[in-house]
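Note sheet for the following structure.
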Amino acid sequence: MQLLNTKFHIPGFNGDTAIPRKRISRLIGDNCSIVIISAPAGFGKTTLLSEWVGNCKTQVAWVSLEKSEDVPGVFWSYLITAVSSVLSGCGRNALEQIKSSGISSIENILIGLINEIEEHGVGFTLVMDDYHVITDGLIRTGIEFLIDHLPSNMRIIISGREDPRLSLSKFRLSGKLAEIRAGQFRFSADEAEALLNKVHGLDLNKEDIVSLRDKTEGWIAGLALAILSIREQKDRRSFINDFTGSHRYIIDYLVEEVLSGLGADVREFMLKIAILERFCPGLCGAVTENPESSGILMDMEQNNLFLIPLDNHREWFRYHHLFREFLLKNLMETHAGEVQGLHGKAFYWLKDRGYGTEAFNHGVPAEKYGEAAELLADNAPGLFRESGGYMLKRLIDRLPEEIVRNHPELCCYTVWLDVLAGDFNSVDLLLQDSFKGNETVAGFISLIKGYRYFYQTGEFGKSINEIKVCLRLLPEKVGFARDMGELVLGLSLLYSGDIRSAYEYIERISLDDDIPVLRAICYADVLFVMGKLGKALSFIDRTIENGIRMYGENLISEYGFLYILKGDILRERNDIGGALKACRRGLYLARNNEYIEVIFLGNMVYARVLAADDNYGEAERAMAVSIEAVRGSSKWAEFMSRAHEVRMELARGNGGRAEELLTGMVDFSATRVPYYESLQYLSFCRYCLLKQDFQRVHGITDAMIREDIPVKREGRLIECYVLKALACHAEQDMDRALEILGRAFAISEKEGQVRVYIDEGDGIRALFGEALKRGLLPEYLKKYADGGETGPGDTRSVIINEFKENFNGREIDILKLMKKGCSNKIIADTLFLSVNTVRWYASRIFAKLNVKRRGEAVAVADKYELI
């Protein structure tokens, strides 16, 4: 892994343009082992730290973080390299471990690093700047371990726009923790006077200083811009009196004033390069066609025009985020006709130098659609592998529809991603004459046909045939599509009833540690159906662990399937708290609606977990979401959810409602039970038990048992034995009931199935009681014999604790403002954020709460004591 040296650059403190913040820097001091600095953008966090570093008597290791470091392997590589920059040779073994085996055992890696640091003996401070970009739970766990075992010669400073989600209360109590927040950063009247008059020589009177300080609320970015503006004003008092309103309005006003005080060439240069997220002299020269780009950038830095160097060589820079935001707005107002051309120049410069994604982001606004489409098509397989379909779909959607429709590969990708989201309306786009003879298109057509036969109509034989054609045609470079084909083929074999072939097929294609997640889903599902819960669970955990090594905890959405399946296994073993967490994690990964099946299956399993805790209100809501996800697109999938809904109604004593749901579901008079309709028939058996139609129960379960025994499909087999035993018990044949139940015990004792029994209520408790008397009840089921362990648990407390762990202070603040009915703009102004940032937080909040609207989010947050 190649690391950017710019991440370790310590920004210098410029005493000519800033005042020392002794009032705050002494809070960092040297008595506290941990320092937390938390304030919104523009409050001077990095400037404070650079000042403190200049006065620090010990060495400082610095790492500036970006979103790309929110992956455990990348994060720890940067952190350890930063440490080694001040402690020569320290961390070499840790870096080798990460390179060879990843970060699955981060605690072991950190133990070695901590011991090395302690043995080295040299005191130093590690600074992590912009830590707010880190959301990965695995990183958080590692940081907490490092802090808990912090070497005596090491301090840690964490700086960001929000409080880090770390457990620090014990350090707060011990006095080893210092915390600096926004309120402490705000300039006092004396500090404002020192900055305005002593440093910048504006010679303002006390009244003007207080007025300016109050209007900017002591916000440093506002004061800095005001200084640049006031320099050019003849009547400074009138200028100060003229602007009022929110900090956003003030900054907008001040930026315009700053720009008006610059030379025309410099102003135009600054505006034009605002289209760039980062820039170097060469890129600036290409965009502006100004041969003096290097000199202008140097002057901008010297004049403190919010330019931030990204390396020690002063080669790459970026604007301060807030400054760039307003420069872009000004650019659109004053040079709108030139913007497209500017993006075009950036596109070619970046594309020619291999910056693919950055180039594409400029190619679209440059309207270089054809070339941008080719660039995206070349990078699409890698994008899908690294970021999942959501990111690829977002990029494709930025191109004009006509361009995508006429590009064979991009058309295939967008149609396929639509299909996975449950939308088959665009399939005919692949049938146009211009695509005839293209094997990739033909392969995708067969893939979609096979998926349609599997998902929509349940014609599994046709699905198997089409997928075999697909795998013959699709090239290796579209591995993600081939993996999906193999998943559909395996599931089609499984749901056709041929579990043996499904198992043999999935084992044959690959089961090593690098198995693609889509193949892993199929294998885990097969194991679950075979009743091999332990093997399935360990395989799922291993696959997720491998995924976390690759992606961090921000996994791509395909892993949502595995979390849902894990939730179902834990539910069956009666670990309701664990099942709840797994289901919610799976649904969170499905937040972008990439896979309609995750929404359908996830909410169906989630509903069963909630129902197991007698939380029927929430269970009904989840089941309704499951049914709505597939309504109109897959009848047999809808009936699967309906079948579980029948069970929920019967468990609540609503036989009439259960009968309504069963009407028209399938032909229950049929002599053969298709495997994919098993859930419907088994729910019908429960209804028959209620109606004392025991002959129907025996007929259906006997047919299934005859099919399941030869192929060892033990998941359904146990359930059939349980229902058949309940029928015998209702017929007053206790000996026969216990004999059949004993067959179920013989299978389940190995894997720990519980809910398949206790969900059946009073009938099973009576059988358990008699089995206990006769010494037939397995040890692990004895605690359920009297019903004491089958009552409701506490999913509410699990959800409350989960929310407390997963929501940060900024998200809770936004929820509180939503509850007050504040608009996004008001929230942005209140919390010193941009409106787009508020929208981003809102989408993350909705996903964590499994809701779609503000009102629902506030209601759920209220219910579970989040606000």
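The values are calculated or read from the model by the stated rules, or taken from the named source; none is laboratory data. The structure presented is a predicted model; accordingly, all values stated were derived computationally and were not measured. Cβ coordinates were reconstructed from backbone atoms using ideal geometry, including for glycine residues, and neighbour counts include every protein chain displayed. All accessible areas refer to the heavy atoms of the entire protein, side chains included, with ligands and DNA or RNA removed. Shrake-Rupley method; radii C 1.70, N 1.55, O 1.52, S 1.80 Å.
Annotations for the structure displayed:
- Simple label model, 7 Å out from Cα along Cβ direction - residue 2 to residue 374, nm: 2.4
- Once the C-beta distance of residue 96 and residue 301 is scaled by a Förster radius of 51 Å, the resulting FRET efficiency is 0.85 to the nearest 0.05.
- With Cα atoms, 0 to 90° folded angle of helix 762-773 axis to the chain main axis: 70
- Neighbourhood net charge (11 Å Cβ-Cβ; Lys/Arg +1, Asp/Glu -1) for residue 571: -1
- Modelled spin-label separation between residue 554 and residue 387, with each label point placed 7 Å from Cα along the Cα-to-Cβ direction: 1.0 nm.
- Overall size of segment 29-129 from C-alpha positions, given as principal axis extents largest first: 40, 32, 19 Å.
- Antiparallel %, DSSP beta bridges [both residues in the chain], to 5: 15
- Loop trypsin sites (Lys or Arg not before Pro), segment 402-455 (other Cβ atoms within 10 Å of the site Cβ: 11 or fewer; DSSP): 436
- A dipole drawn for the chain from +1 and -1 charges on Cβ atoms has a positive end, and of 406, 216, 287 the residue lying farthest that way is 216.
- For the pair residue 672 and residue 774, a Förster radius of 56 Å applied to the C-beta separation gives a FRET efficiency near 0.95, rounded to the nearest 0.05.
- Note on the chain: with charges restricted to the Cβ of Lys and Arg (+1) and Asp and Glu (-1), its dipole about the Cα centre is near 1120 debye.
- Separation between Cα centres of segment 828-843 and segment 23-68, rounded to whole Å: 25
- Greater than 20 Å apart at Cα, pairs in 22/45; 345/477; 45/819; 468/712; 820/852; 635/691: 345/477; 45/819; 468/712; 635/691
- Remark: segment 746-867 carries a charge dipole of roughly 720 debye about the Cα centre, counting +1 on each Lys and Arg Cβ and -1 on each Asp and Glu Cβ.
- Furthest towards positive pole of dipole, 456, 823, 484, structure part the chain, Cβ charges: 823
- Solvent-accessible area per residue, Å², over segment 53-121 with all protein chains present [probe radius 1.4 Å]: 46
- The alpha carbon convex hull volume per residue for segment 597-740 rounds to 119 Å³.
- Loop-resident trypsin sites (Lys or Arg not before Pro) (DSSP state other than H, G, I, E or B) in segment 726-792 with no more than 16 further Cβ atoms inside 10 Å of their Cβ: 774.
- Centre-to-centre, using Cα atoms only, segment 543-568 and segment 723-744 are separated by 40 Å.
- Looking at segment 1-93, the trypsin sites (Lys or Arg not before Pro) that sit in a DSSP loop and have at most 11 other Cβ atoms within 10 Å of their own Cβ are 57.
- Computed from the Cβ-Cβ distance with R0 of 45 Å, the FRET efficiency linking residue 854 to residue 736 stands at 0.20.
- Where only C-alpha atoms are counted, convex hull volume of segment 680-740 per residue in Å³: 68
- Pair residue 663, residue 119: separation of 7 Å Cα→Cβ label points (nm): 7.8
- Read-out log10 I(q)/I(0) by the Debye sum over Cα atoms at q = 0.06, 0.08, 0.10 Å⁻¹, derived from the coordinates shown; its label in [x] -0.60, -0.94, -1.24; [y] -0.64, -0.84, -1.11; [z] -0.51, -0.85, -1.20: [z]
- Compared with the rule-of-thumb size 2.2 N^0.38 Å for a compact globular protein, segment 494-636 has a Cα radius of gyration ratio of 1.03.
- Candidate lysines for bridging to residue 773, where Cα separation is under 20 Å - those fewer than 8 sequence places away on the same chain excluded: 782, 783
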